[in-house]
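Working notes, beginning with the structure itself.
The values are calculated or read from the model by the stated rules, or taken from the named source; none is laboratory data. Small disclaimer: the values here were computed from a predicted structure and weren't measured. Using ideal geometry, Cβ is built from the backbone for each residue, glycine included, and neighbour counts are taken over all protein chains shown.
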Amino acid sequence: MNGLEALTQSELRGWVASIVEEVIKEKLGEFVIKHEREAREISLVERLLRVEEELKFLRQLEEERFSALLKEMNARFEAMNARFEALQKEMNTRFEAINARFEALQKEMNARFEAMNARFEALQKEMDTRFEAMNARFEALQKEMDTRFEAMNARFEALQKEMNTRFEALERRFNFLQWLIVGGFSFLSLLLVLIRFGS
């Protein structure tokens, strides 16, 4: 606002003067064309006086129009500033509300994640306990199975030894029978030979 007022007071005069000169040239040309016959009859001094008066009037008119325009622009800028300030306040209020909502959401999410972490830790502990119990059961089952397999191996070894002993005894009996049969056949053959030679 201060810059605009400084502009109006210091530089506006030159600007208004240039505008007024342009307007005067246009109006003067129109005036001369319109009142060409009258201008010929009026003396040069009267014409200059009229032109000066009209220029004075036009300057006053342009200054009034410019001051009115300046007031209107100032009023509009003030209204715009007021609207921007209101908009800024509204935006600040909304951003604060959004920040509050995000903080509340962040707290809620943190609480939920902490609860989930607690549940996962409890579940992990329960799973660890169950796995340890299962490991203990598997180890006990492994020991029991090892004991049973060792007992079965001992029984199989004893059975193997017993079967080996029986097979050996059976083999001795077969050998004895084989020798007995061979000896019997030999004896019968000898007896038959003797009977043939004796008759």
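Quick notes on this one:
Residue by residue, here is whether (1) charged (D, E, K, R); (2) modelled with pLDDT of 90 or more holds:
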{"position": "Arg130", "(1), (2)": "yes, yes"}
{"position": "Gln142", "(1), (2)": "no, yes"}
{"position": "Asp146", "(1), (2)": "yes, yes"}
{"position": "Ala154", "(1), (2)": "no, yes"}
{"position": "Glu162", "(1), (2)": "yes, yes"}
{"position": "Leu191", "(1), (2)": "no, no"}
{"position": "Ile195", "(1), (2)": "no, no"}
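- Options Arg112, Arg76, Arg101, Arg119: the member that is basic (Lys, Arg) and under 30 Å from Ala17 (Cα atoms): Arg76
- Annotation note: of Phe102, Phe77, Phe57, the sole residue that is among the hydrophobic types (A, V, I, L, M, F, W, C), in a helix (DSSP H, G or I), touching a residue at least 40 places away in the same chain (Cβ under 8 Å) and out of contact with any helix residue (DSSP H, G or I) (no Cβ under 6 Å at 6 or more places or on another chain) is Phe77.
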